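Here's the structure, in C-alpha cells; my notes come after.
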C-alpha cells in the first residue's frame, strides 16, 4: 500500500486540484525512495514510480501538457501495466519487491514464493491494462467505479492467493489419500473384531497402539517374531544383554516427542532411559564429549580457536532452529509435515510457517554440507560435526540440514539416551500398556494378507484366522505392504512402480561381545571415525546388562546387504567370522587386548536383520534418507490402511518411529487436542 500512495494521490487529487495532485504524487514518490535508500531496500516499483512522476511533473509544469492531468487514469494505469510487464521480462516481478517488505528474508529465495509473486504480478498487470482501457473508453464516473472494483479484486486476490497457492502445492497430492474413517469405540464388537489392527510391533506400531488403547479404542497388534520391538529389541547370551540396534534415543528433552509420549502414557523418563556419555576418536585423538551443551561449545572453541565466532554463531542458530522445529509438539505431540499443517492447523498457518520458524526453514532448504560450508573453513571441525551422521545413513551433501539437525546435531544440543534395561524393556513397556488398556498383542502371528473390499481395508488374514477392523495400521516396510500384503488389483500401477523403485537405506554388521573385564571407566558410546566403527558399552548404561564384573559390548559398522552370501552357506559363515574378527581388531585400538577377554561372541549381518524384522535388505532406516528420496505418506491409496514406522515421515530411528506413531494415532482420533497431565521428565 505504501508503494501505491503516489498513484492514489495522483488519481484522486488531480480530479479536484489539478497540478497540486501531481506535485504531491511526485513528492510522495521522492519520500518513498529516500526511505528505501535509508533502509537499503529500493524496489523496481518505487524507482519506476519516481521516473513516471518526474516525467509527469516536467511535462505538466515545464511544457504545459495537461493530458497527464486530464487523462491521469488512462496514462497512470497504462504506465503501471508496462511496469508489470517489464518486471516479468527481467524476472523481477514487481510484487516480489513489494512482498519483501511484508515477508522476512527467509521467504525471498523460496521457489514457491517467487512463483506466487509471478502470478500476482501477471494478475495486476492485467488489471492495470483493463483499467487503462476503461478510462480510455468510458466516462469518468463509470471509469472510477469499475477501476476501483478491479483494484479491490486485485487486493483480495493478492491476500487470498498466497494462502491458497502454498496450501494447494503442499496438499494437492496428499488430498487423494486423505480419506476419513469414522469409528465408534463404544460399539460392541465380536470376538475377532477390532477398531484398529496393527501389523507389526515395532516402536511406531506400539506407540500408535498404546495411544489408541488409552483413548478407548479396541486394538489388536500382530507380530511375526517371538518378541515385540523390531529393531528396538534385545537378546541375552549367558547373562549378557545386547540390543539389536537401538543405543541412542533423541526426543527426550522438555519439548521432545518421546517426552510427550511418556507424559501421555504416565511414564517417567528416568524409569526407562539413562543419559549417554560419548566419545569421538578422530585422527588418533580421543575427544570426550561433555553432556552440557555450553561445555561442548567450549570444547570445540578450545580445539578450533580460529573458528570461535563461527562455532558460537552456528550452534546459536542450530539451537533456535531445532526448538522451532518442535513448536507444534505441545499441541499434537510431534512436528508436522507441510500437508498436515494444512489439514490440521489451516492454510494460513502453512504460509506463516517460515515466518514463525525462520531458522528451521532455512535449514530445511539447504544440505548439511552447505550449512557447514556457510560457517566453517576447518575440514576437521566439519568432520567432527558429521560424526553422528551414521544415525541417518547418508553423506552431508545428500541430506538436508534439517535432517542432520534433528537426527544428528540434536544429540550435542539436548543429549541422547540409552534404554534402561535394554531396548527390549522400552518395547515391552509399550506392549504391557496396550494389554493393560484392553488391547491385545499376539506374538508369532505373521500377517499373510491385508484384506480389502471395494478399495477399503476390512481386516487381515493370519494363517487360518481372519481379524476384522475398519482400520489397519501397517508397521512394516512399504515394499512388503504393497508388493506382498495387498493385492495389486487395488493399487495404481504408477504407485506400485514408485514403491518398487524406492532405494533402501544401508544395513549394518554388528558384533556382540561379553567380556570378563570391567570397562566402567569408558563412556557408553564411542564413535571411532578413524576405523569407521561404533562401540557401545551397554553395561555402562545399565550394569544389569552384564554379570557382575563383566561387560556387554556391541561393535557396529555399515554393511551392504548384497555383499553377503545366502544365510547358512559356508561362504556366509566364513564372511561373518572374518568380518567379526576385523571389527574386534579395530575395536582394540580403543579397548586394548579386547580379544583376550571374550567369553561370549555373536554377530548379526544384514541378512540376520532381514530374517528377524522382515525389513528388505536388512535396511536399518528402511528407505534411503537422502534428499533424493520421497517417503510414502502415512495414509495410503487403500482407504483405512495406514503406514507407521521408518517407511513414512519422518524416517528411521526411535524418535522418528515415535513421531510416526503419534501422527497416525492422532489422525485416527480426528486430531483432537489433548491436555496432557504434567509429569516431571527428570
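The values are calculated or read from the model by the stated rules, or taken from the named source; none is laboratory data. Source: prediction; values computed, not measured. Note: ideal-geometry Cβ built from the backbone for every residue, glycine included; neighbour counts use all protein chains shown.
Restricting to region 198-253, and then to whatever is part of a strand (DSSP E or B) and in contact with a helix residue (DSSP H, G or I) (Cβ under 6 Å, 6 or more places away or on another chain), can you tell me which residue is nearest to residue 517 (Cα to Cα)?
Here the answer is 241.
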Query raised in the report: Just a yes or no: is a residue in region 16-37 outside any helix (DSSP H, G or I), surrounded by 14 or more Cβ atoms within 10 Å (Cβ to Cβ) and on the phi < 0 side of the Ramachandran plot?
Result: no
Requested in this report: Report yes if some residue within region 491-499 is surrounded by fewer than 21 Cβ atoms within 10 Å (Cβ to Cβ) and in contact with a strand residue (DSSP E or B) (Cβ under 7 Å, 6 or more places away or on another chain); otherwise report no.
Outcome: no
Report task. Might you check whether a residue that is modelled with pLDDT of 95 or more and part of a helix (DSSP H, G or I) occurs anywhere in region 176-196? Result -> no
Requested in this report: Go over the candidates 340, 336 one by one and state the one that is out of contact with any helix residue (DSSP H, G or I) (no Cβ under 6 Å at 6 or more places or on another chain), assigned to a loop (DSSP other than H, G, I, E, B) and within 27 Å of residue 162 (Cα to Cα).
Outcome: 336
Report task. Would you mention how many residues in region 558-579 are touching a helix residue (DSSP H, G or I) at 6+ places or on another chain (Cβ under 6 Å) and either part of a helix (DSSP H, G or I) or over 17 Å from residue 611 (Cβ atoms) (or both)? Result -> 1
Query - Only listed residue being surrounded by fewer than 20 Cβ atoms within 10 Å (Cβ to Cβ), at positive phi and modelled with pLDDT under 95, chosen from 284, 239, 266 - result: 284
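Looking at region 624-643, which of its residues are assigned to a loop (DSSP other than H, G, I, E, B) and either surrounded by 19 or more Cβ atoms within 10 Å (Cβ to Cβ) or touching a strand residue (DSSP E or B) at 6+ places or on another chain (Cβ under 7 Å) (or both)?
624, 625, 627, 629, 631, 632, 633, 634, 636, 638, 640 - these are the residues of region 624-643 that are assigned to a loop (DSSP other than H, G, I, E, B) and either surrounded by 19 or more Cβ atoms within 10 Å (Cβ to Cβ) or touching a strand residue (DSSP E or B) at 6+ places or on another chain (Cβ under 7 Å) (or both).
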Requested in this report: Could you check residue 429 against (1) closer than 27 Å to residue 614 by Cβ; (2) outside any loop (DSSP other than H, G, I, E, B); (3) touching a strand residue (DSSP E or B) at 6+ places or on another chain (Cβ under 7 Å) and say which number it fails?
Outcome: (3)
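Here is a yes/no grid of residues against (1) touching a residue at least 60 places away in the same chain (Cβ under 8 Å); (2) more than 23 Å from residue 370 (Cα to Cα):
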{"residue": "252", "(1), (2)": "yes, yes"}
{"residue": "259", "(1), (2)": "yes, yes"}
{"residue": "264", "(1), (2)": "yes, yes"}
{"residue": "274", "(1), (2)": "yes, yes"}
{"residue": "312", "(1), (2)": "no, no"}
{"residue": "328", "(1), (2)": "no, yes"}
Query raised in the report: Within region 299-307, is there a residue that is part of a helix (DSSP H, G or I), under 28 Å from residue 262 (Cα atoms) and modelled with pLDDT of 95 or more?
Result: no
**Report entry** Residues being within 21 Å of residue 307 (Cα to Cα) and surrounded by fewer than 22 Cβ atoms within 10 Å (Cβ to Cβ) - total across region 385-400
**Finding:** 3
Query raised in the report: Within region 451-470, restricting attention to residues that are at pLDDT 95 or above and either touching a helix residue (DSSP H, G or I) at 6+ places or on another chain (Cβ under 6 Å) or not in a strand (DSSP E or B) (or both), which residue is nearest to residue 182 (Cα to Cα)?
Result: 470
Query raised in the report: When region 524-554 is examined, which residues are found to be surrounded by fewer than 18 Cβ atoms within 10 Å (Cβ to Cβ) and closer than 23 Å to residue 425 by Cβ?
Result: 543, 544, 547, 548, 549
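From 57, 68, 53, 61, grab the single residue that is closer than 24 Å to residue 102 by Cβ and either modelled with pLDDT of 90 or more or in the same structural domain as residue 13 (by TED's automatic domain parsing) (or both).
Just a single option satisfies the conditions, and that option is 53.
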